[in-house]
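Down below is the structure, laid out as structure tokens.
The values are calculated or read from the model by the stated rules, or taken from the named source; none is laboratory data. These numbers come from a predicted model, not from an experiment. Here Cβ is always computed from backbone atoms with ideal geometry, including for glycine, and neighbour counts include all displayed protein chains.
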There are 2 protein chains.
Amino acid sequence: MAKGITKRKDNYYKWYNDIVMKAGLAENSSVRGCMVIKPYGFAIWEKMKECLDKMFKETGHENAYFPLFIPKSFFSKEANHVDGFAKECAVVTHYRLKNKEDGTIVVDETAKLEEELIIRPTSETIIWSTYKKWIQSYRDLPILINQWANVVRWEMRTRLFLRTAEFLWQEGHTAHASKKEALDETIQMLNIYSEFAEKWMAMPVIKGKKTENEKFAGAIETFSIEALMQDGKALQSGTSHFLGQNFAKAFDVKFTNKTGKLEYVWASSWGVSTRLMGALIMAHSDDKGLVLPPKLAPIQVVIIPIYRKKEELITIKKVVNKILIKLKEKGISYKFDERDTHRPGHKFAEYELKGVPIRLAIGKRDIKNGTIELARRDTYEKKTYEQIGIENIIQELLEEIQENIYLKAIKFRKENSHIVNTYDEFKKVINEKQGFVFAHWDGTSETEKKIKNETKASIRNIPFGYPEEEGKCIVTGKYSKQRVIFAKAY
Amino acid sequence: MAKGITKRKDNYYKWYNDIVMKAGLAENSSVRGCMVIKPYGFAIWEKMKECLDKMFKETGHENAYFPLFIPKSFFSKEANHVDGFAKECAVVTHYRLKNKEDGTIVVDETAKLEEELIIRPTSETIIWSTYKKWIQSYRDLPILINQWANVVRWEMRTRLFLRTAEFLWQEGHTAHASKKEALDETIQMLNIYSEFAEKWMAMPVIKGKKTENEKFAGAIETFSIEALMQDGKALQSGTSHFLGQNFAKAFDVKFTNKTGKLEYVWASSWGVSTRLMGALIMAHSDDKGLVLPPKLAPIQVVIIPIYRKKEELITIKKVVNKILIKLKEKGISYKFDERDTHRPGHKFAEYELKGVPIRLAIGKRDIKNGTIELARRDTYEKKTYEQIGIENIIQELLEEIQENIYLKAIKFRKENSHIVNTYDEFKKVINEKQGFVFAHWDGTSETEKKIKNETKASIRNIPFGYPEEEGKCIVTGKYSKQRVIFAKAY
């Protein structure tokens, strides 16, 4: 384990990268823009997947799998979609390599595809071309399908988890007999994302509608959850799109409704990705490393023996084994680190770096006294407890830690949310403090673009559940129905 | 639901395709050679994944994720590997499309990659290029990593699940400090595959070593499990490779051993894929459709109400709900199909087609008598039971069905395994009966190729655990240490 990581205040960017690399979450690969997700990082992602998958299935969704490749012509079918997605993408043009005489291998020019294939940047087109075969009548609806998959978007500037050329995600694609049903689905999934972010990731988010400029290419309306990171930047953490009949029209997917009339099918799509890993890291971590919410921690408790002689370790192990049995009964995940190649202090730092919520340490004196030392990752508090019943204390503490880091993030967001009423004030806040800035906007793309050009702040969303307090646009002075959230964003 | 499927004896190929399509397992997509795995098929695959993943983790493996893309030059580094894999593959040459004036989109020729990227057909090269960074000392070993991923091999003739351009699989890639450890790992994983095939898929397999001709491109030794399908053809269902130091040498991955000396790392790799779905379908199904082993059935019990009037359905539902609670308590998955759009006979046929192991039917008279009718998918036996305690009968029956279809497959394999001692006899059996043919072979590639050219039968493997009965090669009469398994294969 490498020693120490960059401090947030010294270089936030390096701090983030240090955690990702040194906690063993991910690293850059030999392929430009593509990452390797390392076992510890992948274990966290697996926990996220498992939880989300359960939520999807509980709301009636099924998983399926569609091709990685999309014929180029499919993209042209939905006009907005092609502009948004078909540009920076990986294009497969050939299907064979051959040996040259000098031993190198080259593309076999005789094996050129008639139509190029695009590696999916998102799967609306390939899925709606399939739904056309599946849907004839209202009896075939709704279709509620989700796919866990890899997608590729050829990004120029990449950053581990936050923006990579290839990333892992889930994409839900649903088909409905009515506009209302499709809209309800869109909002239901936004709520599921928000619940997951808050209850599992301990990350507060604001739900709302995206502006025309920022919506998904091909959607009628896009809704998002937006989280605030520790550097005051916003991170869009999940989106749910109401697609209207756009893709049904593009792929000619009609159904016979109950009155026998042919109608285009209504649609939604929604996704979250390994970007959530970036959000999780940045929402809670500190200058000693990762801080994980207990519900997503692959290891919830680490136990470190403090000993000099082998016999001491044997005695410690006997005591620890009894504790481990109790932890197992409670479904608490743990690791007993008895490696003799590393000193306890080194191990302490390692598990702090990896964000393990609770650390137990047990030595000779503890054995004599029937005690054990417990340290919390979130507050660094240390306290000595009786060994008997420690599993109950741990269980309660895990819940407390989950709650505590959520409240800490709420507090941070509160301190970094600003209400401004003039453009000067706006510019000052955005430049000096960042954070979420709640301001009035006249609803036009023009004003939105002007603000973005001049301040680099974009409208994150038009938030739900905020009082519809009327006012005047900070730039044009025109009527505004409610404040929207501005921020610089990842 | 479509009516009826082709009979095995009429057209085995169509029978298989009918089951895949009509049971809702998979279908061909708009992209040549790529399939869509439909929800019901994917639910079976998820059950397989879940079980295998547990077995991998219990033996100390962790999941991770490596890039989809492999730089072309990586393939040239292992001489045999490039011949085996770099030929028929999807090649990414560009990273941008652009709009033409006529509205169509074309590849942007200015966005050509300096080095082409290959969509992974298997990940040894990208993973060993990464392991180079991870391994310095014996303390970094072993590395026991598995990846669940999609891979692409540009197949000319494809068949749903059995051979598709893109397929889903897991690939384990392990790194070890000694030859023995790597070999032990290779065999351990072969045993895990065999256990999974027999205990979960109810599919008997023969473990053994592949010949030089048939081994993995880049391996020192390949081991396989081979299953016999109902048309008498063999299906290779999983492979585990001892890679020796081949990839360590190709990517220059050395470690300092305990005595301080630099050594190349030893390796294994192993994989099973969605091909197992094809094996599962062909191993057990009959002329009425899919037959699923209860342990992998997404729905283990279907309950169909027989009623005319709405009030009857209400009474039936009350009784059924009590049964469902008991089934849930026992962890048995079920579906109560109360659709009024389909008649009971139609539903019976539908769930037979889908291979649901147990069907319950309950009507007016059953309500009066406190009874319920139970039908087994594997034997079509029908019997009426008391409603009280039916959950216990179901639980026992599910185990019995699992065992029964396994024994049936064992019996089939026995009846279709032939011991032959002359080449004439061999040719006769291969042409007229197919099946597994146990024959002596002199151990040379020459003889193996000759037999394959003349009969289309290949050596499936050199089986383990078969008595090492010496003999003479059926073709050359030369010494043979043991019989090997020949068969025509998928």
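Being buried (at least 16 other Cβ atoms within 10 Å of the Cβ), within 9 Å of chain B (Cβ to nearest Cβ), among the β-branched types (V, I, T) and under 22 Å from the mean Cα position of the chain (by Cα): is that true of A:I119 here?
On the way: buried (at least 16 other Cβ atoms within 10 Å of the Cβ): yes; within 9 Å of chain B (Cβ to nearest Cβ): yes; among the β-branched types (V, I, T): yes; under 22 Å from the mean Cα position of the chain (by Cα): yes.
Yes: the conditions hold for A:I119.
The number of residues in segment B:9-44 that are crowded, with 17+ Cβ neighbours inside 10 Å and basic (K, R) comes to 3.
Within segment A:192-215, can one find any residue that is under 30 Å from B:D340 (Cα atoms) and surrounded by 20 or more Cβ atoms within 10 Å (Cβ to Cβ)?
Keep residues of segment A:192-215 that are under 30 Å from B:D340 (Cα atoms), which gives none.
The answer is no; no qualifying residue exists.
Would you list the strands (runs of 3 or more DSSP E) that sit entirely within segment B:20-102 and hold 1 or more residues that are facing another protein chain (nearest Cβ under 10 Å) and under 16 Å from the mean Cα position of the chain (by Cα)? Can you show your working first?
Details: elements: B:26-28, B:35-37, B:69-71, B:88-99.
Answer list for segment B:20-102: B:26-28, B:35-37.
Residues in segment B:469-481 that are touching a residue at least 40 places away in the same chain (Cβ under 8 Å) and assigned to a loop (DSSP other than H, G, I, E, B): B:I474, B:V475.
Please verify whether B:C51 is surrounded by fewer than 21 Cβ atoms within 10 Å (Cβ to Cβ), among the hydrophobic types (A, V, I, L, M, F, W, C) and assigned by TED's automatic domain parsing to the domain that holds B:G172, treating the condition exactly as stated.
Details: surrounded by fewer than 21 Cβ atoms within 10 Å (Cβ to Cβ): yes; among the hydrophobic types (A, V, I, L, M, F, W, C): yes; assigned by TED's automatic domain parsing to the domain that holds B:G172: yes.
When the stated conditions are applied, B:C51 passes them.
For segment B:436-468, the set of residues classified as surrounded by fewer than 22 Cβ atoms within 10 Å (Cβ to Cβ), part of a loop (DSSP other than H, G, I, E, B) and not basic (K, R) consists of B:D442, B:G443, B:T444, B:F464, B:G465, B:Y466, B:P467, B:E468, listed by residue number. Of all the numbered requirements in (1) modelled with pLDDT of 95 or more; (2) surrounded by 17 or more Cβ atoms within 10 Å (Cβ to Cβ), A:G471 misses one, and that requirement is (2).
Only one entry in B:E386, B:E403 is within 21 Å of B:I44 (Cα to Cα) and surrounded by fewer than 18 Cβ atoms within 10 Å (Cβ to Cβ), namely B:E403.
So, in segment A:326-337, how many residues would count as being without any contact (Cβ under 8 Å) to a residue 60 or more places away in the chain, surrounded by 14 or more Cβ atoms within 10 Å (Cβ to Cβ) and of a type outside the set (S, T, N, Q)? Show your work before the answer.
Of the residues in segment A:326-337, the ones without any contact (Cβ under 8 Å) to a residue 60 or more places away in the chain are A:328, A:331, A:333-337.
Filter again for surrounded by 14 or more Cβ atoms within 10 Å (Cβ to Cβ), leaving A:333-337.
Filter again for of a type outside the set (S, T, N, Q), leaving A:334-337.
Going through segment A:326-337 one residue at a time, the tally reaches 4.
Taking segment A:355-370 as the range and being surrounded by fewer than 16 Cβ atoms within 10 Å (Cβ to Cβ) and touching a strand residue (DSSP E or B) at 6+ places or on another chain (Cβ under 7 Å) as the test, only A:G370 passes. If you check A:I105 against the conditions, is it in contact with a helix residue (DSSP H, G or I) (Cβ under 7 Å, 6 or more places away or on another chain) and either hydrophobic (A, V, I, L, M, F, W, C) or facing chain B (nearest Cβ under 10 Å) (or both)? Here the answer is yes, as A:I105 does meet what is asked.
Each residue in segment A:357-392 was checked for being of a type in the set (S, T, N, Q) and either touching a residue at least 24 places away in the same chain (Cβ under 8 Å) or under 12 Å from A:I316 (Cβ atoms) (or both), and 2 of them qualify.
The residues on offer are A:E373, A:E352, and the sole one that is among the charged types (D, E, K, R), surrounded by 14 or more Cβ atoms within 10 Å (Cβ to Cβ) and assigned to a strand (DSSP E or B) is A:E373.
In segment B:26-43, is there at least one residue being among the acidic types (D, E) and more than 16 Å from B:Q147 (Cβ to Cβ)?
Yes - at least one qualifying residue is present in segment B:26-43.
Does segment A:162-175 contain any residue that is polar (S, T, N, Q), in a helix (DSSP H, G or I) and within 13 Å of the chain's Cα centre (by Cα)? Among the residues of segment A:162-175, not one is polar (S, T, N, Q), in a helix (DSSP H, G or I) and within 13 Å of the chain's Cα centre (by Cα), which makes the answer no.
Can you tell me which residue within segment A:1-19, out of those that are β-branched (V, I, T) and more than 19 Å from the chain's Cα centre (by Cα), is nearest to the other protein chains (Cβ to nearest Cβ)? Residue satisfying both the conditions and the ranking: A:I5.
Of the conditions (1) modelled with pLDDT of 95 or more; (2) under 26 Å from A:M156 (Cβ atoms), B:I105 clears all except one; give me its number. Checking B:I105 against (1) modelled with pLDDT of 95 or more; (2) under 26 Å from A:M156 (Cβ atoms), the one that fails is (1). Among the residues of segment B:122-159, those that are more than 8 Å from every other protein chain (Cβ to nearest Cβ), assigned to a helix (DSSP H, G or I) and touching a helix residue (DSSP H, G or I) at 6+ places or on another chain (Cβ under 7 Å) comprise B:E124, B:T125, B:W128, B:W134, B:D140. Apart from one condition, B:M189 fits all of (1) crowded, with 21+ Cβ neighbours inside 10 Å; (2) within 11 Å of another protein chain (Cβ to nearest Cβ); the exception is (2).
Can you name the residue in segment B:329-349 that is part of a strand (DSSP E or B) and away from every other protein chain (no Cβ under 14 Å) and is also farthest from B:P298 (Cα to Cα) among such residues?
Here is the first cut: in segment B:329-349, the ones part of a strand (DSSP E or B) are B:334-336.
Cutting the leftovers down to away from every other protein chain (no Cβ under 14 Å) gives us B:334, B:336.
Values: B:Y334: 8, B:F336: 13 Å.
Going through the qualifying residues, I end up with B:F336.
For segment B:379-414, filtering for residues that are more than 13 Å from B:I358 (Cα to Cα) and part of a loop (DSSP other than H, G, I, E, B) leaves 3. Scanning segment B:83-129 for residues that are in contact with a Ser or Thr (Cβ under 6 Å, 6 or more places away or on another chain) and of a type in the set (K, R) turns up nothing.
Cβ separations smaller than 6 Å between residues 6+ apart or across chains give the following pairs from segment A:234-263 residues that are of a type in the set (V, I, T) to residues that are part of a loop (DSSP other than H, G, I, E, B) and crowded, with 21+ Cβ neighbours inside 10 Å: A:V253/A:I135; A:V253/A:V265.
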